[in-house]
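Here is the structure we will look at.
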Amino acid sequence: MANQEHGDWLIQLEQQSRRKQEAFMNGIAAKLGRERVREAPAHPFRGAPDFWQSFEWSAEEKVVQFTANFEAAGGHVVRVSDLEAASAFIHSKALEMSAATILRQQEEALDELRLEERLPDALVLTWNDNPVTDWRAVAAKADFGVVMADHAAAYTGSMTVKSASGKGRSVSLLPTVLMAIIPLDRMVTRLGEILVQLDEAGREQLPAGIHFISGPSRSADIENDLTIGVHGPGIVYAILVDTVSS
């Protein structure tokens with residue numbers, strides 16, 4: 001008997017709630033001076049419009065727009081000719097900031113930076129080259145994280161970094177400073193161009209982590225007090241490279 005009374009009470013509550021909902025929606029329709037819409041409207045268009053799908057900047061326009069958008073979010077952008085020049089830039093910043101520990105992705109193109117040779121006084125480590133090491137702890141203590149971006153979108157000033165066994169997510173998320181190398185042939189105009197590639201790859205081919213980075217970590221509390229670097233690197237450099245051989 002008690003269960004039946006409880007069930008009746010729940011039905012009454014639902015009916016009462018629906019009456020209130022109906023009155024609320026009728027009130028809105030009356031204020032707008034039109035009849036209630038009781039069927040879902042048709043959606044004849046899906047996705048981005050045709051003009052946006054065909055919108056594309058030239059190579060130099062992409063660089064200009066990416067730089068403006070990335071710097072507006074608090075990041076830094078430098079453009080160099082090749083990986084040798086990129087290595088020289090990282091070397092100069094490591095000396096300037098007294099970087100003692102540098103962690104980089106395990107990627108062939110990053111071997112060309114020769115950071116171990118350029119920075120003999122620093123501890124230069126390659127992600128996951130030793131299965132015994134607690135690499136997340138290493139990343140958390142690293143001064144620099146060095147990654148190779150997989151994609152970049154000029155319109156949003158964003159770079160994409162995908163994870164893999166030799167490309168741990170922590171390399172771009174935990175060090176104090178992030179150095180992200182972006183080959184210019186990986187830069188597109190619109191973010192949608194990157195998302196389409198990820199979609200076409202299929203679910204089985206997606207990595208465990210896909211990170212879109214648009215500058216340093218930024219956090220704000222309920223009073224909008226902005227803090228930089230709480231949930232990630234507080235300093236981010238996007239190093240645009242004209243030519244990458246590997």
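Computed values, structure above
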| quantity | calculated |
| --- | --- |
| Residues Gln53 and Asp242, FRET efficiency given R0 of 22 Å [Cβ-Cβ distance, rounded to 0.05] | 0.20 |
| Region 165-245: GluC sites (Glu not before Pro) in DSSP coil with no more than 13 other Cβ atoms inside 10 Å | Glu223 |
| Euclidean distance of C-alpha centroids, region 166-190 and region 67-82, integer Å | 13 |
| Potential lengthening between Glu14 and Ala140 on full extension [0.36 nm per residue; Cα-Cα distance subtracted] | 40.2 nm |
| In Å, descending, principal axis extents of the Cα set of region 27-109 | 69, 31, 26 |
| Computed accessible area, Arg18, all protein chains, 1.4 angstrom probe, square angstrom | 140 |
| Shape call, region 75-210: gyration tensor on alpha carbons, a/c limit 1.5 | oblate |
| Distance in nm between pseudo-label sites at Leu95 and Asp121 (7 Å out along the Cβ direction from Cα) | 1.0 |
| Region 10-65: GluC sites (Glu not before Pro) in DSSP loop, at most 10 other beta carbons within 10 Å | Glu35, Glu39 |
| Degrees separating the helix 191-201 axis from the principal Cα axis of the chain, which is the longest one | 90 |
| Longest segment of the chain lacking chymotrypsin sites (Phe, Trp or Tyr not before Pro) that sit in a DSSP loop with at most 15 other Cβ atoms within 10 Å | 56-246 |
| Rounded FRET efficiency, nearest 0.05, which uses the C-beta distance separating Glu5 from Asn26 and R0 of 45 Å | 0.90 |
| Matching label, log10 I(q)/I(0) by the Debye sum over Cα atoms at q = 0.10, 0.13, 0.14 Å⁻¹ computed from the structure shown, candidates [x] -0.56, -0.90, -1.01; [y] -0.42, -0.71, -0.82; [z] -0.62, -0.84, -0.93 | [z] |
| List Ile11, Ile181, ordered by accessible area with a 1.4 Å probe, largest first | Ile11, Ile181 |
| Helix 2-32 axis, angle to the chain major axis (alpha carbon atoms, nearest 10°) | 80 |
| Backbone N within region 9-27 under 20 Å of label point (7 Å from Glu35 Cα along the Cβ vector) | 22-27 |
| For region 128-208: rounded, prolate or oblate by the Cα gyration tensor [a/c cutoff 1.5] | oblate |
| Selection from Leu115, Ala99, Ala86, by position along the positive dipole direction of region 53-183 (Cβ) | Ala99 |
| Only Lys, Arg (+1) and Asp, Glu (-1) charged, at Cβ; region 31-86 dipole about Cα centre in debye | 720 |
| Hz values of 3J(HN,Hα) by residue in region 118-129 - Karplus curve (6.51, -1.76, 1.60), Gly and Pro given as x | 6, 10, x, 8, 9, 8, 9, 10, 10, 3, 6, 7 |
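The values are calculated or read from the model by the stated rules, or taken from the named source; none is laboratory data. All values derive from a computational prediction rather than experimental measurement. Please note: Cβ atoms are built from the backbone with ideal geometry, for glycine as well, and neighbour counts cover all protein chains shown. We work out accessible area using only protein heavy atoms, side chains counted, and drop any ligands, DNA or RNA first. Shrake-Rupley method; radii C 1.70, N 1.55, O 1.52, S 1.80 Å.
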